[in-house]
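The values are calculated or read from the model by the stated rules, or taken from the named source; none is laboratory data. Quick caveat: nothing in here was measured; it's all calculated off a predicted structure. Here the Cβ positions follow ideal geometry from the backbone for every residue, glycine too, while neighbour counts run over all protein chains shown.
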Amino acid sequence: MVLFDSVKKEKREFIPQQEGVATLYVCGPTVYDDAHLGHAKSALVFDLLRRVLEANGYDVTYARNITDIDDKIIKKAQEQNKDIKEITDFYTAAFHKEMEAIGVSRPDIEPKATESLEAMYALIQNLIDKGYAYATDDGDVYFDTSKDSEYLSLSKRVQDDEDKQERVESSTLKKNQADFALWKSVKDNSVVFESPFGKGRPGWHLECSAMIEKHLAKEGSAFAVDIHGGGADLLFPHHENEAAQTRCATNHALAAYWIHNGFVNIDGEKMSKSLGNSFFLKDALKEYDGEVLRFYLLSTHYRSNFNFNTQDLLSAKKRLDKLYRLKKRLFGLAHNDEKTEFQAKLLEALSDDMNISTALALIDEMISTANETLDTAGKHKLLKRETLSNLAYIEKLLGFGVKNPFEYFQWGVESATKEQIDTLIEKRNDAKKEKNFELSDTLRDEILKFGVQLMDTPQGTFWEKV
RNA sequence: GGUGCCAUCGCCAAGUGGUAAGGCCGCAGCCUGCAAAGCUGCUAUCCCCAGUUCAAAUCUGGGUGGCACCUCCA
């Protein structure tokens with residue numbers, strides 16, 4: 001398969017360091033607030049990447065961290081007069097619950113910063129020993145960017161001297177403007193950790209390097225992980241700094257492939273907390289089925305910026321509906337794991353840097369063909385078997401169509417309402433049997449008032465929420 | 001200001017040298033008691049200009065218009 005490497009800026013054939021094995025590390029959330037749609041997009045993209053890697057036969061180890069040490073967490077804890085852990089546990093649990101709702105399975109490893117402090121200390125000490133880091137008089141430890149000749153090689157950024165000089169005057173005790181904190185000394189009573197470098201907190205960039213080193217890096221390999229992923233904004237400075245730390249502290253580079261997903265905007269507006277229009281996943285989940293959100297957020301290529309809006313979401317839902325209607329047509333029939341040409345093509349499309357558009361087009365065509373054949377030759381057994389196995393393949397590879405199709409179409413409808421609808425449908429069917437179409441149409445109008453749609457099929461009358 | 005990305009049908013969106021996938025919407029038809037669903041058919045020459053080439057949406061140069069990052073951020 002090929003992946004677009006956002007550092008080399010080209011599609012590259014994916015060749016893992018160890019044949020048949022792929023390691024993937026993705027920057028996870030800082031658990032100080034609810035997950036927004038951007039977190040959802042990122043998690044979905046890498047969930048898909050993992051699935052595609054697995055479908056290509058790789059034994060994947062996927063790690064995504066939880067940042068549970070951070071100034072914003074501390075601030076929130078102080079504001080709400082709560083314990084840090086209370087905050088982080090709460091948002092971690094919420095994150096897991098919401099990810100599950102959009103079909104994102106848990107990573108194999110989910111390291112927390114608070115559980116990786118020893119690895120961080122070791123990394124800092126290592127950098128100090130090798131002369132890549134220095135402590136300041138006020139107790140901070142900084143990474144010395146001037147010592148790393150490859151610094152900025154990831155983001156291809158150019159140091160701006162004028163800019164640098166301007167800021168130096170108002171700066172701290174850093175040697176270079178670009179130097180970043182590995183350890184921040186903390187003097188007040190807020191959360192502190194006892195380290196060999198004094199009381200304080202680790203720098204954000206350090207966490208990922210340390211966790212990767214602890215959980216994924218193998219002795220003697222050229223790269224700590226095969227693939228490192230995250231949101232597009234993380235390339236600089238976060239990943240740049242991570243890479244510098246790892247490069248200088250160990251004898252391997254951080255990652256062989258870098259994958260960055262595009263951003264989510266809302267109705268054309270940048271989603272950011274400071275602007276106050278952030279869209280929380282938990283709110284979206286109140287209005288829409290998690291799988292619809294999954295389908296919609298994944299329906300555009302992962303590197304494109306994504307403009308979230310209701311119109312497009314509903315358009316995407318209609319597309320997913322078609323998949324579920326086909327499932328409904330074939331409901332209850334057993335399938336086997338038959339290999340089909342469709343499946344091969346689908347995997348081929350997704351193996352090309354996760355070309356979801358081509359994949360969805362293939363799915364649409366498969367659905368049309370299946371429906372057409374079912375219309376004209378309803379008893380076509382081979383086709384049914386193949387279609388069922390195709391649907392199962394889509395479920396596994398993309399996580400689309402995982403629900404019971406009848407429940408999918410009745411999402412969000414109260415059971416009392418369902419009973420009312422079913423009763424009216426029975427009455428209408430009686431009227432239809434008697435060819436009393438006037439009555440049956442009146443009853444249908446009543447049913448439609450519930451915001452549902454009716455469908456008369458050879459298997460009976462079904463309804464769907466509009 | 002620096003760096004980088006993008007511009008394809010009303011909307012969403014693939015394709016990156018050989019004469020434009022798919023979805024939504026729309027129109028016509030088949031099916032249906034009527035609908036809905038499903039199916040069939042129809043609808044773009046790819047922001048502008050110049051160039052390279054037998055051949056360009058796809059490469060080069062210029063222009064115009066969007067956007068992102070450079071600060072915590074998925």
Only one residue in A:I102, A:I124 is within 16 Å of RNA strand B (Cβ to nearest atom) and of a type outside the set (S, T, N, Q). Which one?
A:I102
Is at least one residue of the stretch A:422-434 at pLDDT 95 or above, surrounded by 16 or more Cβ atoms within 10 Å (Cβ to Cβ) and under 39 Å from the mean Cα position of the chain (by Cα)?
no
The stretch A:284-323 - residue that is more than 11 Å from RNA strand B (Cβ to nearest atom) and among the basic types (K, R) and, of those, farthest from the chain's Cα centre (by Cα)
A:K286
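Could you list, in sequence order, the residues of the stretch A:28-41 that are of a type outside the set (D, E, K, R) and more than 12 Å from A:I109 (Cα to Cα)? Steps first, please.
Initial filter on the stretch A:28-41 (of a type outside the set (D, E, K, R)): A:28-32, A:35-40.
Across the stretch A:28-41, the qualifying residues are A:P29, A:T30, A:V31, A:Y32, A:A35, A:H36, A:L37, A:G38, A:H39, A:A40.
Just one of A:K282, A:K322 is without any contact (Cβ under 8 Å) to a residue 60 or more places away in the chain and of a type in the set (K, R); which is it? Even if it seems obvious, please write down each step before you answer.
Numbers: A:K282 fails: without any contact (Cβ under 8 Å) to a residue 60 or more places away in the chain.
Being without any contact (Cβ under 8 Å) to a residue 60 or more places away in the chain and of a type in the set (K, R) holds for just one of A:K282, A:K322, which is A:K322.
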Can A:S315 be described as more than 18 Å from A:I212 (Cα to Cα), out of contact with any helix residue (DSSP H, G or I) (no Cβ under 6 Å at 6 or more places or on another chain), modelled with pLDDT under 95 and among the small types (G, A, S)?
no
Taking the stretch A:363-402 and the residues there that are among the small types (G, A, S) and within 13 Å of A:L330 (Cβ to Cβ), the one that is surrounded by the most Cβ atoms within 10 Å (Cβ to Cβ) would be A:A370
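Between A:L326, A:L254, A:L281, which is more than 8 Å from RNA strand B (Cβ to nearest atom) and not assigned by TED's automatic domain parsing to the domain that holds A:G131? Outline the logic, then answer.
On the way: A:L326 fails: more than 8 Å from RNA strand B (Cβ to nearest atom); A:L254 fails: not assigned by TED's automatic domain parsing to the domain that holds A:G131.
None of the others qualify; the one that does is A:L281.
Please go through the stretch A:2-53 and give me each residue that is hydroxyl-bearing (S, T, Y), part of a strand (DSSP E or B) and farther than 17 Å from A:K112 by Cα, ordered by number.
To start, the set of residues in the stretch A:2-53 that are hydroxyl-bearing (S, T, Y) comprises A:6, A:23, A:25, A:30, A:32, A:42.
When the remaining residues are screened for being part of a strand (DSSP E or B), the result is A:23, A:25, A:30.
Scanning the stretch A:2-53 gives a single hit, A:T23.
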Taking first residues from the stretch A:177-193 that are under 15 Å from A:L117 (Cα atoms) and second residues anywhere that are among the aromatic types (F, W, Y) and assigned to a loop (DSSP other than H, G, I, E, B), the pairs with Cβ under 7 Å that are 6 or more apart or on different chains are A:W183/A:F197
Could you tell me how many of the residues in the stretch A:54-84 are at pLDDT 95 or above, touching a Ser or Thr at 6+ places or on another chain (Cβ under 9 Å) and assigned to a helix (DSSP H, G or I)?
1
